Each structure stands twice: as C-alpha cells, then as structure tokens.
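To start, the structure under review is shown below, and the notes come after it.
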Amino acid sequence: MELSFENKVVVVTGAAGGFGSATARAFAEAGAHVVVSDINTAGARQLAATLPSAIALTTDVTDEDAVRDLVTDAEAQFGGIDVMVNNAGVPHRAAPLVDLDVDTVDRQLAVNVRSVFLGCKYAVPALRRRGGGVIVNVASIAGKRPRPGLSVYNATKGAVITLTRGLAGEVGPDVRVNAVNPVISETGFVKSFSGADRLPDDLRTTWVAGIPMGRTATAEDVAHSIRFLASDQAGFLTGVCLDVDGGRSIH
Ligand SMILES: NC(=O)c1ccc[n+]([C@@H]2O[C@H](COP(=O)([O-])OP(=O)(O)OC[C@H]3O[C@@H](n4cnc5c(N)ncnc54)[C@H](O)[C@@H]3O)[C@@H](O)[C@H]2O)c1
C-alpha cells in the first residue's frame with residue numbers, strides 16, 4: 001500500500017494557484033509525472049519548470065473543448081492519466097446575495113461546477129483506458145457550513161460535494177471519486193473575494209477562533225489530503241468529501 005506515485009500521471013487544474021501548485025509539488029515529490037494546467041499560462045510554465053517531470057498546459061476549465069484537449073494532450077504526452085485533480089475555482093466578490101447579478105452567478109456556476117463536470121466527464125474514460133484511477137475534486141467546507149456574503153460560491157461547492165458522491169456511486173470499482181473540503185487559506189482566493197492580498201486581522205481572528213486547530217489551512221494541508229485520497233492507501237475510499245478544516249465544522 002503505497003503513497004508513491006512513481007510512473008503515475010497526475011493532472012491538476014488551477015495548478016498555478018495556491019492549492020494547485022502545492023498539490024502539483026506534492027505529487028511530484030512522490031514521483032509522479034505532473035500535468036500543470038491553468039488559465040494562467042505563465043504561472044503554469046513557471047511551476048512546471050521547477051518539477052522533475054511536468055508539462056504546462058493552458059486550460060480554461062469552463063471550456064469543453066479545452067478540457068477535452070487537456071485530457072488528450074496529457075495522454076499523448078505521458079501515455080495515459082491515473083489521477084485527475086479538479087481544483088480550479090474562484091469565489092465571487094463578497095456581497096449579500098440580493099446584490100449579486102445573474103452574470104456573476106452564471107460565471108460562478110461555470111468556473112466552479114461546469115468545470116468539475118467537464119473534468120470528470122473527460123477523465124473517467126481516460127482513467128479507464130489506463131485500467132482505472134482516481135478523481136479528487138476541490139470543494140470547500142463552505143459547501144457544508146456556509147458563511148454570509150459568499151452564498152452563491154458556497155452553493156457551487158455544495159454542488160461539487162453532491163456531484164462527487166453521485167459520480168462515485170456510478171463509476172466504481174475501477175474509478176474512485178473523492179473531494180476535499182478546505183477551510184479558509186490565505187491563497188489568491190482571499191484577493192478574489194475581498195480585493196486584499198491578506199485577510200484583515202479582525203476577520204482572521206474571528207475565523208481562527210472557530211477553528212479548533214487554531215490557524216487557517218496551509219496549501220500543504222490541502223495538497224497532502226488530496227494526495228492521500230488519490231493514493232493506494234485510500235483504496236477503499238470513494239464518495240468521501242474530506243473536511244480539511246482544522247475542526248471548523250465540529251460545532
Ligand atoms: N483558499 C481558500 O480559502 C479555499 C477554501 C476552500 C476551497 N478553496 C478552493 O480551492 C481551489 C483552489 O483555490 P486557491 O485557494 O488555490 O485559489 P487561487 O486563487 O490561489 O488559485 C486558483 C487558480 O485557479 C485558476 N483559475 C481561475 N479560473 C480558471 C479557469 N477558468 N480555468 C482554469 N484555471 C482557472 C487561477 O488562475 C489560479 O491559478 C478553488 O476551487 C477554491 O474554490 C479555496
């Protein structure tokens with residue numbers, strides 16, 4: 001029962017960002033060939049250049065043709081894929097639901113839900129061409145324990161959790177489908193919802209007070225959980241949406 005990913009091919013979307021780059025590095029450390037995919041070409045190339053065996057591919061995960069190409073290009077480059085990490089996603093700017101417009105909602109559904117649908121749709125046949133494999137989706141603890149101000153984002157992550165569990169029931173035993181539910185982490189995500197590079201001190205203090213482990217998540221906390229769920233050690237786990245939340249959702 002190995003945590004090694006020697007000779008395995010792992011695709012990570014949104015891999016130029018906080019969680020995605022830590023995830024790409026974690027799989028690379030375990031010996032994987034990594035497909036570093038992001039809409040941010042420069043960021044993807046920069047990361048791939050630091051990994052022992054990696055390629056960078058530009059992918060807009062809302063675009064069906066682009067996601068299909070991501071999978072076929074990864075197969076062409078490395079001979080198949082063993083793990084698909086559907087990580088790309090963004091929050092909307094924090095605001096009461098009644099102040100959100102329809103374009104924002106449609107964009108949220110496209111980047112956070114259509115993306116995961118497409119990543120799964122094209123990964124499942126590719127994983128089967130390889131004899132089986134694993135999908136890990138990046139949801140959020142916000143999908144289970146929503147806070148005010150991010151209602152539509154929270155709903156998209158609820159959809160990812162339900163999609164993960166539903167698909168897991170369809171595609172076993174050769175394909176496992178799991179998700180992680182991270183708590184707040186100070187990645188590019190903070191800038192997307194707040195406009196600031198870091199959480200304001202008062203907000204961090206309030207949020208950390210609700211996390212028994214006494215801190216926000218690191219990108220490595222999330223990456224290591226994703227890698228575990230994708231590993232042989234998690235070979236009996238499917239439909240699991242793992243709370244990587246330092247205990248935030250206990251109470
Ligand atoms: N940071 C947190 O607090 C937190 C908590 C729970 C869940 N999440 C989720 O984790 C995932 C990763 O977020 P992060 O925290 O690393 O944020 P991030 O902003 O650092 O990274 C997001 C990455 O996604 C890429 N991206 C955005 N739109 C894209 C598109 N259309 N196609 C392809 N790539 C696209 C960006 O270029 C960026 O590299 C997201 O799904 C997010 O919702 C984040």
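Annotations
- Looking only at the range 203-244, residues that are over 17 Å from A22 (Cα atoms) and either part of a loop (DSSP other than H, G, I, E, B) or under 21 Å from the mean Cα position of the chain (by Cα) (or both) come to 18 in all.
- Test set (1) in a loop (DSSP other than H, G, I, E, B); (2) touching a helix residue (DSSP H, G or I) at 6+ places or on another chain (Cβ under 9 Å); (3) more than 12 Å from the ligand (Cβ to nearest atom) - R147 fails condition number: (3)
- Within the range 172-184, the set of residues being buried (at least 20 other Cβ atoms within 10 Å of the Cβ) and either hydroxyl-bearing (S, T, Y) or away from the ligand (no atom under 15 Å from the Cβ) (or both) comprises V175, R176, V177.
- Test: residue in the range 168-182 that is of a type in the set (D, E), more than 25 Å from F228 (Cα to Cα) and part of a helix (DSSP H, G or I): no
- Among the residues of the range 185-202, those identified as within 10 Å of the ligand (Cβ to nearest atom) and assigned to a helix (DSSP H, G or I) are G188, F189, V190, K191, S192, F193.
- Per this entry, A66 is not counted among residues that are crowded, with 21+ Cβ neighbours inside 10 Å and either of a type in the set (S, T, N, Q) or within 20 Å of the chain's Cα centre (by Cα) (or both).
- Within the range 24-41, considering residues that are touching a residue at least 24 places away in the same chain (Cβ under 8 Å) and surrounded by fewer than 24 Cβ atoms within 10 Å (Cβ to Cβ), the one nearest to G89 (Cα to Cα): I39
Values quoted throughout were computed directly from the atomic coordinates according to the rules given, and no laboratory measurement underlies them. Computed from a prediction, not measured in an experiment: that's the story for all the values here. Cβ atoms come from the backbone with ideal geometry, glycine included; neighbour counts cover every protein chain shown.
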